[in-house]
Amino acid sequence: MWNLQTSLAILGTLCLTAVSGYKNGKVEKSCESMMPEHHSQPNTTASPYTLTVNASKFSPGMDIRVTLSGSEHFEGFLIQARDATNPDGSAVGSFALVDPKISQRLTCNSIEGSAVSHTSNAKHTELQVIWKAPLNAPPTVQFLATVLAHYKTFWLKLPGPVISQGDVTPAPPQSTTVMSTVSASTSILPEPFTPEGCGRWKSCLIDPVGCNPSIDTNCFFLSFSTLGQNVSFELSGPAQGYVSFALSKDEWMGDDDAYLCVNDGGRVSVESAHTTGRTYPEEASQSVLTDVGWRVSDGVIQCKFSRSIYTPQDPVRFSLNNSYYLFVAHGTAENGMIHRHTWQPLISSHHQIITGPPEILTGSRSPLLMKCHGALMLIAWMLAGSTGTLIAHYFKPDWPERTLFGQKIWFQVHRMLMSLTVLLTAVGFIFPFIYRGKWSTRAGAHPYLGCTVMILTFCLPIMAAFRPAPDSSRRWIFNWLHWGVGNAAEIIAVISIFFGIKQQSLLLPYPWTTGVLSAFVVWTIVLKLVLKLHKHDVIKKGSVNEDELPVFSDFSGNVNWDTKFRVAVLAVFVLGNSAFCISVLVSIGNV
């Protein structure tokens with residue numbers, strides 16, 4: 001939805017500040033406005049914090065002790081002194097520190113130390129700094145402070161005392177410009193949402209299909225219904241921090257109309273936002289939401305709200321008369337600050353007109369291209385590739401007098417299976433690049449392993465095309481290289497599959513899928529070990545005189561014991577690998 005990698009915004013990729021999102025208090029970006037860049041609006045309720053000074057008069061060069069204190073803890077602050085007649089102007093004077101461990105000087109308006117801020121997000125109830133009056137100080141000076149209780153709860157430009165020079169009569173403080181928002185009235189929902197009415201008077205997107213949000217704590221549920229010129233939305237899902245949904249014009253995150261329900265200390269804030277690319281969602285400057293309600297129970301966040309079909313007062317909100325893809329995402333939050341979602345968002349299977357006829361929608365957390373990528377790679381390396389290498393290693397002695405299209409049977413089967421492996425790998429390799437449109441920076445080791453497999457896979461047919469004749473003195477070099485590259489490709493491919501099943505775009509059930517793949521690896525090793533032991537006569541028939549049996553098959557049922565044994569192991573190998581492969585493919589189809 002939005003990278004929330006969001007899932008939504010992705011905090012690891014953002015440069016947020018702590019009064020401007022930085023916990024270290026380096027907030028020079030906020031010098032002028034004193035506004036934190038936290039994508040939220042300042043608190044308009046009465047502040048529990050106050051600014052006090054130890055003098056009401058000052059003269060140039062004089063030191064004034066400034067104290068910020070409160071009845072509640074605060075994590076961040078930004079303090080400045082400004083001309084009392086122009087509180088939206090530049091900072092004046094400079095500060096000295098009383099305790100450098102909890103406060104630091106900032107350079108605002110090219111004046112070193114003209115503001116002071118926190119050094120960490122440690123909690124305090126009081127701090128002191130010293131303000132030094134400049135030689136060109138205005139007649140009256142007022143102290144201002146922005147104070148953060150935590151990330152999304154802060155008070156902007158709290159007015160402090162006004163002090164004056166000499167006999168100057170202090171002018172009444174001027175009002176400061178404070179950005180505010182019209183907040184919607186909220187209520188606590190008396191009971192959970194239900195799927196009643198889905199497909200009749202409201203449209204519903206439910207995951208897993210058929211789950212009931214009123215009793216199933218693992219159910220994600222989004223519904224919307226038209227009421228006159230308004231649309232009512234209901235959103236529910238299990239989450240530690242937030243659930244959200246977005247209206248998108250395509251199946252990609254970015255330029256989306258988003259709505260977030262964020263659990264902040266047991267209370268849920270319901271906010272509208274807009275995403276640009278894979279960045280943190282920018283919350284609306286004014287609320288367009290009405291009839292807001294929420295509840296938190298058993299780890300499930302539920303919220304509802306209404307909004308007008310058209311919102312001319314907020315042009316970034318989409319018109320609800322158009323059709324959009326629906327994204328549902330969830331993730332963790334800290335102090336009301338959302339983190340990147342770890343699961344791929346649930347994306348509706350098709351466009352839906354929000355004010356259109358009610359219907360029950362379906363969706364998937366895995367794009368079709370990525371499902372195809374996973375399926376092709378599994379078939380290539382769990383079936384075709386593993387079987388092809390097995391035949392090359394252990395079936396050369398069988399049917400030496402029989403040929404298929406001019407070549408020995410084992411060789412033709414091996415070549416056919418490995419050609420299929422190369423083809424499936426090449427096609428599957430392309431799909432992630434079509435889906436992403438670029439290199440994935442959040443996929444960990446998987447894309448690097450995949451590229452290595454692709455290179456090794458292409459090397460095999462090239463080497464085979466230029467192999468020396470069987471009686472050539474250089475044939476042993478080809479044999480060792482072909483064996484080494486082939487085995488390396490198979491091993492790295494299996495390792496890559498283990499990484500791939502945990503990718504956000506194809507997050508398969510854990511630990512079940514990992515267990516199936518681990519069983520596949522053990523199964524393959526055991527059966528290859530059995531064939532190896534048989535090849536070296538550790539496993540052999542003991543009571544029959546093999547000279548009395550025909551040595552090779554004539555395709556009419558006359559097969560010696562060794563061939564029967566190898567064919568039986570091959571059949572068990574293929575059947576077992578097919579079962580493992582189908583199990584994982586079913587999981588991919590259900591994502």
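The values are calculated or read from the model by the stated rules, or taken from the named source; none is laboratory data. The structure displayed is predicted, hence computed values, not measured ones. Note: ideal-geometry Cβ built from the backbone for every residue, glycine included; neighbour counts use all protein chains shown. Keep in mind that these areas ignore ligands, DNA and RNA; they rest on the heavy atoms of the full protein, side chains included. Shrake-Rupley method; radii C 1.70, N 1.55, O 1.52, S 1.80 Å.
Taking all protein chains in place and a 1.4 Å probe, what share, in percent, of the accessible surface of the chain do carbon and sulfur account for? Exposed carbon and sulfur together represent 59 percent of the surface. How much FRET efficiency would the formula 1/(1 + (r/R0)^6) give for SER440 and ASN590, where r is the Cβ-Cβ distance and R0 is 25 Å, rounded to 0.05? Once rounded, the FRET efficiency stands at 0.60.
Using the Stokes-Einstein relation with a Kirkwood hydrodynamic radius computed over Cα pairs, the translational diffusion coefficient of the stretch 373-463 at 37 °C and a viscosity of 0.692 mPa s comes to 226 µm²/s. Candidate cross-link partners of LYS371 among the aspartates and glutamates, defined by an alpha-carbon separation under 16 Å and a same-chain spacing of 8 or more, comprise GLU251. Positive end of the dipole of the chain (Cβ unit charges, origin at the Cα centre): among ILE497, ILE391, ALA375, the Cα lying farthest that way belongs to ILE391. Rounded to the nearest 20 debye, the dipole magnitude of the chain is 1500 debye, with +1 charges on Lys and Arg beta carbons, -1 on Asp and Glu beta carbons, and the Cα centre as origin.
The Cα atoms of the stretch 19-143 define a convex hull whose projected area, averaged across directions, is 7.5 nm².
Every Cα-Cα pair in the stretch 259-315 was counted, and those over 14 Å apart are 59% of them. The Kirkwood hydrodynamic radius of the chain, based on inverse pair distances between different Cα atoms, is 29.1 Å. So which of LYS57/LYS123; LYS132/LYS157; LYS29/LYS152 end up more than 25 Å apart by C-alpha? With Cα atoms farther than 25 Å apart: LYS57/LYS123.
Suppose only helical runs count, i.e. DSSP H with n ≥ 4. What mean residue ellipticity at 222 nm does that imply for the chain under -39500 (n - 2.57) per run, divided by all residues and rounded to the nearest 500 deg cm²/dmol?
Values: 7 runs with 149 residues, N = 591.
For the chain, the value works out to -9000 deg cm²/dmol.
What are the semi-axes of the equivalent ellipsoid for the stretch 313-471, taken as the square roots of 5 times the Cα gyration tensor eigenvalues, largest first, in whole Å?
Values: eigenvalues 481, 67, 36 Å².
Largest first, the stretch 313-471 gives 49, 18, 13 Å.
Among the listed pairs LYS249/LYS502; LYS438/LYS528; LYS202/LYS438, those with a Cα-Cα distance over 31 Å are LYS438/LYS528; LYS202/LYS438. Ranked by the mean number of other Cβ atoms within 10 Å of their residues, highest first, the peptides 583-589, 390-396 fall in the order 390-396, 583-589.
For the chain, the solvent-accessible area works out to 46 Å² per residue, with a probe of 1.4 Å and every protein chain left in place.
Derived value for the stretch 314-405: Kirkwood hydrodynamic radius 18.7 Å. Basis is the mean of 1/r over every pair of different alpha-carbon atoms. Working ranking of peptides 250-263, 124-137 by packing, defined as the average number of other Cβ atoms within 10 Å per residue, highest first, is 250-263, 124-137. Simple rule: put +1 on each Lys or Arg Cβ and -1 on each Asp or Glu Cβ in the chain, find the dipole, and look at PRO432, PRO190, ASN479; the Cα lying farthest toward the positive end is ASN479. Taking a ≥ b ≥ c as the square roots of the eigenvalues of the alpha carbon gyration tensor, the stretch 177-310 is rounded, as a/c is under 1.5.
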